[in-house]
Each structure stands twice: as structure tokens, then as C-alpha cells.
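Okay, structure first, notes after.
The values are calculated or read from the model by the stated rules, or taken from the named source; none is laboratory data. Small disclaimer: the values here were computed from a predicted structure and weren't measured. Note: ideal-geometry Cβ built from the backbone for every residue, glycine included; neighbour counts use all protein chains shown. All accessible areas refer to the heavy atoms of the entire protein, side chains included, with ligands and DNA or RNA removed. Shrake-Rupley method; radii C 1.70, N 1.55, O 1.52, S 1.80 Å.
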Amino acid sequence: MRTLLVAGNWKMNKTFQEAEVLTEQITEAVEKLHLDSVEVVLCPPAPYLEMVLDLTDETHVAVGAQNISDHDFGAYTGEISAPMLRSMEVEYCIIGHSERRKYFHESNELLAQKVNSALKFGIAPIFCCGEVLSEREGGNHLDVVKSQLEESLFHLEEKDFRNVVIAYEPVWAIGTGKTATPEQAQEMHAYLRQLILSKYGERVAEDAIILYGGSCTAGNAFNLFSQPDVDGGLIGGASLKGEEFVEIVRIAIDCT
Ligand code: PEP
């Protein structure tokens, strides 16, 4: 039985004070739940990492960054590297979010370097993949995600790949209120697991955590998370509302 994971991607939202309130609200509520088979991760904006780490210290809530440099140290003004995050005890990092691919032109090749740097310093990548609408309408969605995995992840040795969480995020569903149907999500997740099986074998594929992301809310989480190959969610908009995010965590517990 795989662990389910629910991660909140706050993107570039909230003031410091609002983020403090949200962190406290989520952490207090999550601590009252039985989280044996569900992991919760908060991914705040980088300047808030320290504060969120402090408020979640010794709780069941883990912390992730939203981005990472492909370099370890050096003259890269404004960047944040894996060893820096590791020295703060950040455990996860979102890599390859479609907004970074689109607005910051991050290629599969660059993302492979980011994945390498994260893993080298013990940070688990939450690696995002997914097709844009025209690719789905053109029937190319499976090929697109296949290339994303092959070019950014499949160079990894098995022991490293085991530390990667995959998030399937159809770009047309992100922040649009338009969710993939449970059947569309299951089709893609089963396909991703099959790709992992072909590359790394059955045990790695069985253990791989594959999240769904794209307008996931408390209203649709149950139908998505109860699909056999959907192992939780990467939640954007709904993670900014404490009560709804905690409700999504509760739904994940019900699905285990
Ligand atoms: C995301 O940005 O990863 C995401 C899934 O956003 P939303 O839930 O708002 O669609």
C-alpha cells in the first residue's frame, strides 16, 4: 500500500502575516488527524520557508520549496540552491511546474539538472509533468509526458528515482477550475506507472507516488484520490484556504 501525499503549492501568494496564520491553522488541524498513511507538505514562497519550518517543527507537516537552482553554489543572484534548502531542513522541492516551464522557459534538460542537484543534497523533487490543451486535443498527451519523464528523470539510478514524487498536472486544468475527470487522471497515472515499470521494474513502479494536480478541491478530491493510480494531490488555489486544504487531507485519509 502506497502512502498518499497532499502538497500545497502557495505559489506567489500571501503576506508574511497571512502565511503565518495559514500555517498555524493547517498545522493545528492536521495534528488532530490520524495521518499514518498520508503525508502533508506545505510549499510556501521562499522568504517564508524559515517561518513555516519553525511553525511545523516536530509536527506531521513537512515543508517544500517551489523552485531550486540547477547550481549548488556561486554567483547566481536571486537563486536558491539545494544545499541551502537542505541546511534549513527543507525536505521537498517542486521542480518543473508548468508556470516555471512557461514563464521562465525551463526545459526538460534544465529540469534534469535541478532534479540532480536536489537529490544530491537529499531533497525530494516533486516533479511536475503534463500537457497543454492543444497537445491533449491533438491526442499527444501521452507522448508529451513520456518525453518529460525520459528527458528529466530517466537518467536517474533506481535508488535516486525512488526519492522522486511525480505530479501529473494537465496544464489546461491548473488554476482554471477545469479538472481532469477521474478517468482522464487514472488513464495518465496508469500510463506513467507503466513507463516507470518499463524503466525501473515492478517494485519501483508499485512504490512510486504519483500525485494529481489541476483545480483539485474538496469537492472533487475523493473521486480523484480513489482512483487506483492516483496517490494524492498537488493543490494550488485550494491550499490557500486552510479549512479546504485540511478537508482535502481528510479526504486523502478516507481514500487509504
Ligand atoms: C498547481 O499550481 O500546482 C495547481 C495544481 O494549481 P490549482 O490547484 O490552482 O489548479
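Filtered by the rule that a residue be touching a strand residue (DSSP E or B) at 6+ places or on another chain (Cβ under 7 Å) and of a type outside the set (Gly, Ala, Ser), the range 214-228 gives 216, 224, 225.
Conditions tested, residue by residue: (1) more than 16 Å from the ligand (Cβ to nearest atom); (2) closer than 20 Å to residue 205 by Cα; (3) not in a loop (DSSP other than H, G, I, E, B).
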{"site": "125", "(1), (2), (3)": "no, yes, yes"}
{"site": "135", "(1), (2), (3)": "yes, no, yes"}
{"site": "177", "(1), (2), (3)": "no, no, no"}
{"site": "184", "(1), (2), (3)": "no, yes, yes"}
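The number of residues in the range 136-169 that are farther than 15 Å from residue 199 by Cα and over 20 Å from the mean Cα position of the chain (by Cα) comes to 6. The numbered conditions (1) in contact (Cβ under 8 Å) with a residue 12 or more places away in the chain; (2) open to solvent by 50 Å² or more (accessible area, probe 1.4 Å) are all true for residue 137 except (1). Restricting attention to the range 36-54 and to residues that are touching a helix residue (DSSP H, G or I) at 6+ places or on another chain (Cβ under 8 Å) and surrounded by fewer than 20 Cβ atoms within 10 Å (Cβ to Cβ), the residue that is nearest to residue 236 (Cα to Cα) turns out to be 45.
On the basis of being charged (D, E, K, R), within 30 Å of residue 24 (Cβ to Cβ) and within 15 Å of the ligand (Cβ to nearest atom), does residue 247 make the cut? Spelling it out, residue 247 is indeed charged (D, E, K, R), within 30 Å of residue 24 (Cβ to Cβ) and within 15 Å of the ligand (Cβ to nearest atom). A search for C-beta distances below 7 Å between a residue of the range 111-123 that is over 19 Å from residue 99 (Cβ atoms) and any residue that is of a type in the set (A, V, I, L, M) and not in a loop (DSSP other than H, G, I, E, B), counting only pairs 6+ apart in sequence or on different chains, returns 117/82; 120/82; 121/82; 123/82; 123/85.
With the structure loaded, tell me whether residue 211 is touching a strand residue (DSSP E or B) at 6+ places or on another chain (Cβ under 6 Å), closer than 20 Å to residue 96 by Cβ and more than 15 Å from the ligand (Cβ to nearest atom) or whether it fails that test. So residue 211 does not fit the description; no.
Within the range 92-121, the set of residues being within 16 Å of the ligand (Cβ to nearest atom) and surrounded by 17 or more Cβ atoms within 10 Å (Cβ to Cβ) comprises 92, 93, 94, 95, 96, 97, 98, 99, 100, 101, 106, 111. Kindly provide the set of residues from the range 1-45 that are within 16 Å of the ligand (Cβ to nearest atom) and farther than 17 Å from residue 221 by Cα, ordered by number. Passing the criteria: 10, 11, 12, 13, 14, 22, 26, 42, 43, 44, 45. Looking for something within 16 Å of the ligand (Cβ to nearest atom), modelled with pLDDT of 95 or more and touching a Pro at 6+ places or on another chain (Cβ under 7 Å) - is there at least one such residue anywhere in the range 217-227? Yes, some residue in the range 217-227 is within 16 Å of the ligand (Cβ to nearest atom), modelled with pLDDT of 95 or more and touching a Pro at 6+ places or on another chain (Cβ under 7 Å). Within the range 152-159, does at least one residue satisfy the condition of being within 16 Å of the ligand (Cβ to nearest atom) and either at pLDDT 95 or above or open to solvent by less than 10 Å² (accessible area, probe 1.4 Å) (or both)? No, that holds for no residue.
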